[in-house]
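One structure is given here, and the rest of the page talks about it.
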Amino acid sequence: MTVQLSDRVQRSFSRSFQSYHDTASQQAWVAEKLVEEMRRHGAPFKFERGFELGCGTGHFTRLLCQSHRFDSLTLNDIAPEARQTADELGAQFICGDARRVIWPEKTDLFASASMIQWMEDPQALLERAARSLAPGGWLVISGFGPQQYRELNQIGTSARAPGLCDPDQMAAVIGAHLEVLSTGEALRPSYFPTPRHVLRHLRKTGVNGRAQSVWTKSTLALFEAEYTRQFQTENGVSLSYHPVWIVARKPQV
């Protein structure tokens with residue numbers, strides 16, 4: 001992200017912080033999936049040092065703390081409001097752009113859910129994360145793939161995140177450093193009564209921080225008509241989510 005884009009994303013997530021948790025049901029599903037994958041591959045109950053990027057309102061963080069114990073847990077988010085999540089869970093908090101803040105060294109769990117798609121170079125973040133792990137440490141990360149919000153992309157909006165990637169790309173980046181235990185993806189549609197409800201959903205989850213357009217009466221009417229024409233179903237108008245994830249472990253020295 002450029003500094004200007006980073007600032008817009010931060011403001012957008014800050015504005016939506018109070019509404020995000022109850023609105024982001026797809027992100028909540030991803031958090032549950034990550035914990036399930038950790039359990040399936042035998043993640044230890046206790047981690048000495050944990051670090052999570054993009055903790056937000058704590059969907060993933062709370063599940064991690066319910067399933068595991070940490071001697072030390074550090075959380076990061078670009079939105080200052082996320083300090084509330086850290087305080088509630090007794091964790092340390094580092095506020096700022098994940099690319100620019102100082103990360104804890106030699107962590108035993110590096111975690112991030114539904115965040116890396118905001119990075120213009122998610123591969124660089126993945127490689128840095130892999131290198132930051134202690135021997136035997138776990139990496140558990142999810143983002144979103146190229147079919148994320150495909151309806152919006154087809155309509156021609158600018159809300160598309162810059163760092164969409166697929167699981168094979170993620171595995172290729174970290175495969176030289178870690179043992180890849182699991183990769184996966186899913187295409188999960190959400191349905192809304194009208195296109196305007198789609199826009200409200202995007203605003204409440206803060207994911208419209210990259211959009212630069214200002215709606216006028218005519219552009220909004222055109223958007224609603226075209227969205228309905230292309231994406232109306234018997235369940236409402238669709239909005240596609242494309243979560244992707246990877247679970248990996250660093251070999252013991």
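The values are calculated or read from the model by the stated rules, or taken from the named source; none is laboratory data. Quick caveat, the model's predicted, so the values are computed rather than measured. Neighbour counts run over all protein chains shown; Cβ positions are idealised from the backbone, glycine included.
Residue count for region 178-201 under the criterion of being of a type outside the set (A, V, I, L, M, F, W, C), farther than 15 Å from I141 by Cα and either crowded, with 18+ Cβ neighbours inside 10 Å or touching a strand residue (DSSP E or B) at 6+ places or on another chain (Cβ under 6 Å) (or both): the result is 7.
Condition check for R83 on (1) closer than 19 Å to M170 by Cβ; (2) among the basic types (K, R); (3) not in a loop (DSSP other than H, G, I, E, B): one failure, at (1). None of E105, E151 is among the acidic types (D, E) and either part of a strand (DSSP E or B) or out of contact with any helix residue (DSSP H, G or I) (no Cβ under 6 Å at 6 or more places or on another chain) (or both) except E105. Residue pairs whose Cβ atoms lie under 9 Å apart, separated by 6 or more positions or on different chains, with the first residue in region 31-42 and surrounded by 19 or more Cβ atoms within 10 Å (Cβ to Cβ) and the second among the basic types (K, R), are A31/R62. The single condition among (1) crowded, with 18+ Cβ neighbours inside 10 Å; (2) modelled with pLDDT of 95 or more; (3) of a type in the set (S, T, Y) that S12 does not satisfy is (2). When the criteria are applied in full, R99 fails the requirement of being touching a residue at least 24 places away in the same chain (Cβ under 8 Å), over 17 Å from Q26 (Cβ atoms) and touching a His at 6+ places or on another chain (Cβ under 7 Å). Number of residues in region 223-246 that are in contact with a helix residue (DSSP H, G or I) (Cβ under 8 Å, 6 or more places away or on another chain), surrounded by fewer than 21 Cβ atoms within 10 Å (Cβ to Cβ) and among the aliphatic types (A, V, I, L, M): the value is 0. L133 falls short of the stated requirement of being within 30 Å of R69 (Cα to Cα), touching a Gly at 6+ places or on another chain (Cβ under 8 Å) and buried (at least 22 other Cβ atoms within 10 Å of the Cβ).
For region 75-92, the condition of being under 29 Å from V237 (Cβ atoms) and either touching a Ser or Thr at 6+ places or on another chain (Cβ under 8 Å) or surrounded by fewer than 18 Cβ atoms within 10 Å (Cβ to Cβ) (or both) holds for at least one residue.
Scanning region 37-53 for residues that are among the charged types (D, E, K, R) and outside any strand (DSSP E or B), we see that the one that is farthest from S112 (Cα to Cα) is R40. Do we have E185 as closer than 21 Å to S240 by Cα and of a type in the set (D, E, K, R) here? The answer is yes for E185.
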